[in-house]
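For reference, the structure discussed in these notes is given below.
The values are calculated or read from the model by the stated rules, or taken from the named source; none is laboratory data. Just so it is clear, the model here is predicted, and its values are computed rather than measured. As a convention, Cβ positions derive from the backbone with ideal geometry for all residues, glycine included, and neighbour counts pool all protein chains shown. Just so you know, the surface numbers come from the protein's heavy atoms only, side chains and all, with ligands and any DNA or RNA stripped out. Shrake-Rupley method; radii C 1.70, N 1.55, O 1.52, S 1.80 Å.
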Amino acid sequence: MMDQPVTIKALVFDAYGTLYDIQSVATVTEEAFPGYGDLITQIWRMKQLEYTWLRSMMKRYEDFSVVTRESLTYTLKLLGLKYDPAVFERIMDKYVHLDLYPDARAALDALKGYKLAILSNGSSGMLNALVENTGLSKVLDATISIDSVGVFKPDPRAYTLIESKLGVKPSEVLFVSSNPFDVCGAKSFGLNVAWIERVTSDAMAAEFKPNALITPLHMFKAIRTQMDHLGHEPDYRITALSELPKVVDA
Ligand code: LAC
């Protein structure tokens with residue numbers, strides 16, 4: 001927990017996996033390629049994140065729409081799936097119509113009075129369309145893309161955008177993410193961080209019984225939803241966004 005009380009002025013949210021359910025692409029991937037939906041959904045997301053990190057390290061930034069397309073191409077190719085451009089575009093289009101987590105809207109409404117923003121690796125174009133299509137533009141003060149620094153989270157330069165765009169010091173920010181790599185990056189940078197543990201460690205362990213059928217979703221959860229061992233722990237662990245008012249008003 002935090003060493004001393006701080007006054008939180010802004011809550012800044014990661015987008016994909018935190019406010020928006022990235023698994024909701026499974027409906028379109030399954031519809032486009034029956035029987036492959038889960039495989040495509042998980043490989044695509046794992047590669048997409050990997051490409052953000054590789055591009056940052058290679059200093060070959062391309063925005064998240066490019067990364068998302070390249071990782072989808074990788075996935076369909078490895079599975080030997082043939083497709084026409086319209087099918088590809090239909091799958092991509094889900095990225096600007098992702099499902100909000102059921103608890104997202106009510107939690108944001110309950111936090112009125114704080115500055116509320118998204119800081120995401122998404123490109124400005126993708127994020128603005130998503131926020132508009134899902135009605136969040138009315139409740140958010142800012143939708144911040146890392147586009148303007150040309151490097152993806154968890155690079156510290158990405159997190160500097162909160163202060164430069166919102167005018168709020170890192171010590172006055174509660175950053176909220178479900179993505180362990182993002183929690184570690186934000187904490188390492190110096191933000192207060194709440195981790196939304198969408199898959200608790202008990203629930204995770206319960207899914208891995210001897211000889212249990214392990215699906216691509218299980219592997220995704222094992223690799224991308226549990227806290228990483230990078231020497232940084234979140235200040236708060238929550239299991240629903242509805243717990244946030246209690247965290248900041250405490
Ligand atoms: C984001 C991805 C990393 O929204 O989840 O930044």
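Details
- Rounded to the nearest Hz, the phi-derived 3J(HN,Hα) couplings of the stretch 202-212 under the Karplus curve 6.51 cos²θ - 1.76 cosθ + 1.60 (θ = phi - 60°) are 5, 5, 4, 4, 5, 7, 9, 8, x, 6, 5, where x marks glycine and proline.
- Spin-label model, Lys246 to Trp53: label points 7 Å out along the Cα-to-beta-carbon direction sit 3.2 nm apart.
- Accessible area per residue for the chain is 47 Å², calculated with a 1.4 Å probe on protein heavy atoms, without ligands, DNA or RNA.
- Heavy atoms of Arg45: accessible area, 1.4 Å probe, square angstrom to 10: 20
- Each 5 Å bin from zero up to the one holding the largest Cα-Cα distance in the chain carries the following percent of pairs: 1, 6, 13, 18, 20, 18, 12, 7, 3, 1, 0, 0.
- With a 1.4 Å probe rolled over the protein heavy atoms of all chains, the accessible area of Glu207, Glu89, Glu132 falls in the order Glu132, Glu89, Glu207, largest first.
- Length added when fully stretched, Leu213-Thr160, from 0.36 nm per residue minus Cα-Cα: 14.8 nm
- For peptides 169-176, 92-99, 12-19, sequence by mean Cβ density within 10 Å, most packed first: 12-19, 169-176, 92-99
- MRE, 222 nm, helices only [DSSP H, n ≥ 4, -39500 (n - 2.57), over the chain, to nearest 500]: -13500 deg cm²/dmol
- Fraction of accessible area attributable to carbon and sulfur, the stretch 66-108 (%, probe 1.4 Å): 59
- Available extension along the chain between Met204 and Val6 is 68.0 nm, counting 0.36 nm per residue and deducting the alpha carbon span.
- Solvent-accessible ranking of Leu230, Leu54, largest area first, probe 1.4 Å: Leu230, Leu54
- Remark: the stretch 102-109, residue by residue, has Karplus-estimated 3J(HN,Hα) of x, 8, 5, 5, 5, 5, 5, 4 Hz, where x stands for each Gly or Pro and the curve is 6.51 cos²θ - 1.76 cosθ + 1.60 at θ = phi - 60°.
- The value of relative contact order for the chain, using C-alpha pairs under 8 Å at least six residues apart, is 24 percent.
- Calculated from backbone phi, Karplus (6.51, -1.76, 1.60) coupling profile of the stretch 171-186 in Hz, x at Gly/Pro: 5, 9, 10, 9, 8, 10, 8, 8, 7, x, 5, 6, 4, 5, x, 5
- Per-residue surface analysis assigns Phe33 an accessible area of about 20 Å², computed on protein heavy atoms at 1.4 Å probe radius.
- With a simple spin-label model that places each label point 7 Å from the Cα along the Cα-to-Cβ direction, the separation between Phe181 and Arg60 comes to 1.6 nm.
- The coefficient of translational diffusion for the stretch 23-95, derived via Stokes-Einstein from the alpha carbon Kirkwood radius under 20 °C and 1.002 mPa s, stands at 173 µm²/s.
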